[in-house]
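All remarks here apply to the structure that follows.
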Amino acid sequence: MDIQKLVQHYPGTVMKREPFHPDRHMFYFYERPYYIGIPSRSLSESERRLLSLLLDQETPPVYSERARCWYGLLIEGKPLSQPDPGKRISIIQFHLTKRLEQSDLKEWRAALEAFFGVQTDFIYLSEHDGLIVEQDQFIEEASLKAIANTLRNDFSVKTCFQIGLRYPLSPQLRAAYLEEKKLFDQRMDQAESREVTTVEHAFFDFLKPLAGKWVVLNELSDLISAEKSWRPIIRAIWENQGNLSMAAKHLFMHRNTLLNRIDKFYEITGISLKRMDGLTMAYLSTL
């Protein structure tokens, strides 16, 4: 649908990339990437029915009074009134992959909140998307995976989460959130996405198209592809944070055999997988 023509046809229409609270007499829709509010006085009954078929009618943002400051900062760009410089927060973004009935959605939200501590704030941006703002206590990736699995089993809907980094309450916080959102939105564009990921992992997915532009990485990728054992070795060392004993165990390989393979890789490429800079370069070439 041509959103610009829609805006021109219905005077008073509001269109934003971020969710907003529409006026009481507005029909509120979402047509990616825009949230759209159309004045009801501009619509006939047949037009309302038609737009309801063409566009996904949306629910305005919902949050607690305590979470209002986070909504103002992250979504509306309003500064915090009295920021505590000693406090750190982490923002978990989530997306439900299919729409739930309103009664089920209410139960899903209650179930989600029950897994977190009392200092955690929730912002439901729409029926599909939302933010979890953690303070003081921060959930681990493994625990969030268990939560995602439980919610999927109980409500038959997959939810994707992205765990953000931990930031002080600085003027750069909203800009950092928007960059993390860009990473999350890119992951949601993929046909298949994992239920839980982290910003640092998503960042490497973001680098994939950039890595393909570097001849040096393309050449290295060709060398790695020429020997089918290189890729799993590089991935295993990377995923075990450079721990060669753990990588060897993952590969069902003796540690000395792995060391010999690493030495062979160095002879061929000049890159040492024992160093983090060399390992990072090799890993980028496998993306």
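The values are calculated or read from the model by the stated rules, or taken from the named source; none is laboratory data. Note that the structure is a prediction, hence the values are computed from the model and not measured. For neighbour counting, all protein chains shown are included, and Cβ atoms are generated from backbone atoms with ideal geometry for every residue, glycine included.
Residues of the stretch 231-257 that are of a type in the set (G, A, S) and part of a loop (DSSP other than H, G, I, E, B): G242 alone.
Looking only at residues of the stretch 258-287 that are at negative phi and outside any helix (DSSP H, G or I), we find that the one that is surrounded by the fewest Cβ atoms within 10 Å (Cβ to Cβ) is R275. The set of residues in the stretch 8-46 being at pLDDT 85 or above, under 22 Å from the mean Cα position of the chain (by Cα) and in a loop (DSSP other than H, G, I, E, B) consists of R17, E18, P19, F20. Every test in (1) free of Cβ contacts under 8 Å to residues at least 24 places away in the same chain; (2) not in a loop (DSSP other than H, G, I, E, B) is passed by K228 save one, and that test is (2).
Taken over the stretch 119-134, the criterion of being in contact (Cβ under 8 Å) with a residue 40 or more places away in the chain and more than 23 Å from E18 (Cβ to Cβ) is satisfied by no residue. In the stretch 47-155, counting only strands (runs of 3 or more DSSP E) that sit wholly within it, the ones holding 3 or more residues that are among the β-branched types (V, I, T) and within 23 Å of H201 (Cα to Cα) span 88-96.
From the list T97, T120, which one is under 20 Å from K181 (Cα atoms), loosely packed, with under 14 Cβ neighbours inside 10 Å, among the polar types (S, T, N, Q) and under 20 Å from the mean Cα position of the chain (by Cα)? Only one candidate passes the filter, namely T97. The residues on offer are E239, E200, and the sole one that is outside the structural domain of C160 (by TED's automatic domain parsing) and of a type in the set (D, E, K, R) is E239.
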